[in-house]
Amino acid sequence: MVRAHCRNDRPPSLAIDRLRVEIATRRGPARVIDDVSLEVWPGEIVGVIGESGSGKTMTALSLLGLMPRRARIAAGEIRLGSDTITHLPDAARRRLRGSRIAFIPQDALRALNPVLRVDLQVGEPANIHRRTPWEQAKARAVELLRAVHLREPEQRAREYPHQFSGGMQQRAMIAMGLALEPELLIADEPTTALDVTVQAQVLKLLREIRDTHGTAILFITHDLGVIAELCDWVYVMYAGAMLEQGPVGRLFAQPAHPYTQMLLRATPTVRTVQAELLSIPGQIPQPFELPAGCRFADRCPHRFGRCASEPPHLGIEDEHTARCWLLESLAASPAAAS
Amino acid sequence: MTAVVEPAWRGRGINWQRWRLLAIGGLLVAIVVVCAVFADLVAPYSPYDLDVASMLQGPSAAHWLGTDEVGRDVLSRAIFAARISVEVALVAVGVGLIGGTIIGILAAYFGGWIDLALMRLMELLFSFPAILLAVILLASLGTNILNAMLAIGIIFIPGFSRLARAATNGVLRQQYIDAARTIGMSDARIVVREILPNVVTPLLVEAAVAFAYAVLLESALSFLGLGAQPPEPSWGNMLNTGRGFMGQAPWLSIVPGMAMFLCVLGFNLLGDGLRDAFDPHLRE
């Protein structure tokens, strides 16, 4: 499927097809990612939203090939551009990281080596993947820092990470990610540790990178506000599965899945003056005791007989889809869903 | 080295109270090192020249610290002995530091059975008393000063490897290691670029302390006749000869003993001072 806002002359930058990841535990294999499909097209910013434990970070790690030792891809396929990278050997996987797939972590300070100057770290990917001599790599690092709008990049490049503010550290991480112009940028809650004004600047920078380089960005977060502001497309993840996906505008205007609806209602806004903050009762199910039916069934206010016994399906054929029996039993029109 | 040192000192004034140890230790070490390096210039006489006319003389204007049983100048011999001690300590600590660091980092980084095998081997080495292990090694390798250096170095490997392993385990938990993987760093590069610079400080501090121990061990081996061979002067073999003249010429024992004491004290103070300077827990 080609999305309306994307150029269709190229394959998607990233396509995950019915991915299943299992972790071996003493209580048997735990399905931490189950039947997840996702696409990111060139020049698109795609958001993945979910609470802690929903499997969104594990999805990112499976793309990088950096899953924990006991996790394995049990089924499905991951394609980067036109290459299938699902079961690439470690060395080949390593060559992709930093060159074709870049990762921006949540806590930039802790992701930077405290004893190395910033230019050495930002220049590192070029030295690793292209064997660029250090002098050139450092000069390139200054250019990259300038490109992410760090002030006085020449001086700043010679400093240590702790001399940077939180926003500057995150800019340095983004500069490092951009070093080799990757096709795909994975950002795992890159703004969570930042205060709101700095957060806005970083989001603006990500949008600018998308516009100038056409980089596909996979943005992982639990912040609905950030998704609404930044993303073109959004996937809602819950207990290792996709519950709903669609263009940001439509999904926010007419959330189809009861979980998404509750998530949106639980987000405090200026307009909804609430006497009490709304929360969704219950907990996300553990990956080794997943319910037979819908994963959200025990917390869902609209559940009925079929929910507990059979898992609903989610296709990505239509623009906006949700994994809920409610939508199939009623006519699958947006009006009926909301 | 500067790359490691600078961040630790950021924005803090120098606290002389704490740096006193470092200063005293540094001074003593500097004296020993100057004696070792410039022995030919510092020593008033040759350490080998016999002078039967003036044997077993007490301290005098001509021989400040007296002469030994064959009339050699004790001060000159003590100064030249510093050269042997520093040489042996340098090589031994080098062997221990490099060997221990490699083993410790490998054990921590790869974990599992590699860790298990390497650390059990280290414990085996550790379980022997140092001097006994040195004697065993020298007995099998042959007695000369080069083998003494090697034997002392091997004694140091388990200590350094444990330290390196513990420090590496701490670093491996840091997120910048994960971040290094996300930009496609290989294992070898992670070890060299990410781990090594972050574990080098405690290892260097330990090296200063090991230096003092190496000087003692070398003296002990030379005392037993397993290290420096006469007429090569060493504090250990000087002490051994002095033993026979304790009554008539006590300076023969006192001089090398004092030299050893000051040298070991110097390296210990330097080690403690360095540890205090770098230990984040002791920093206010």
Based on alpha-carbon atoms only, what is the radius of gyration of chain B relative to the globular estimate 2.2 N^0.38 Å? 1.17
Whose amide H sits under 5 Å from the amide H of residue A:98, counting only residues 5 or more places off or on another chain, with H placed in the peptide plane? A:103
If A:232, B:51, A:119 are placed from fewest to most neighbouring beta carbons inside 10 Å, the sequence is B:51, A:232, A:119
Given a Förster distance of 56 Å, report the FRET efficiency between residue A:264 and residue B:123 from their Cβ-Cβ distance, rounded to the nearest 0.05. 0.40
TM-like helix rule applied to chain B (DSSP H, alpha carbon span at least 27 Å on the long axis, mean Kyte-Doolittle at least 0.5) gives B:16-37, B:74-110, B:145-172, B:196-223, B:251-278
Compute the distribution of all C-alpha to C-alpha distances in the range A:159-301, in bins of 5 Å from 0, and list the percent of pairs in each, rounded to whole numbers. 2, 8, 16, 17, 17, 15, 11, 9, 5, 1, 0
Quick one, what does Rg over Rh come out to for the range A:82-207 if you take C-alpha atoms and the Kirkwood Rh? 0.97
GNM flexibility winner over chain B from B:38, B:156, B:267 (Cα, springs under 10 Å): B:38
Mean ellipticity per residue at 222 nm, deg cm²/dmol - from DSSP H runs of n ≥ 4 across the protein assembly as shown, formula -39500 (n - 2.57): -16000 deg cm²/dmol
Report the convex hull volume per residue for chain A, counting only C-alpha atoms, in Å³. 149 Å³
When DSSP beta bridges are limited to those with both residues in the protein assembly as shown, what percentage is antiparallel, rounded to the nearest 5? 60 percent
Could you run the Debye sum over the Cα atoms of the protein assembly as shown, one equal point scatterer each and no solvent, and tell me log10 of I(q)/I(0) at q = 0.09 Å⁻¹, two decimals? -0.83
The relative contact order of the range A:112-181, taking Cα pairs under 8 Å that sit 6 or more residues apart, comes to a percentage of 44 percent
Return the Cα extents of the range A:112-181 along principal axes one, two and three, sorted largest first, each rounded to a whole Å. 30, 24, 18
Within chain A, percent of DSSP bridges classed antiparallel, to nearest 5: 60 percent
What percent does the relative contact order of chain A come to when contacts are Cα pairs within less than 8 Å and at least six residues apart? 20 percent
How many nm is it between the label spots at residue A:87 and residue A:196, if each spot is 7 Å from the Cα in line with the beta carbon? 5.0 nm
Would you calculate the separation in nanometres between label points at residue B:246 and residue B:19, each defined as 7 Å from the Cα along the Cα-to-beta-carbon direction? 4.5 nm
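None of the figures in this text is laboratory data; all of them are computed from the coordinates on show. On a predicted model such as this, the values are computed, not experimentally measured, just so you know. Here Cβ is always computed from backbone atoms with ideal geometry, including for glycine, and neighbour counts include all displayed protein chains.
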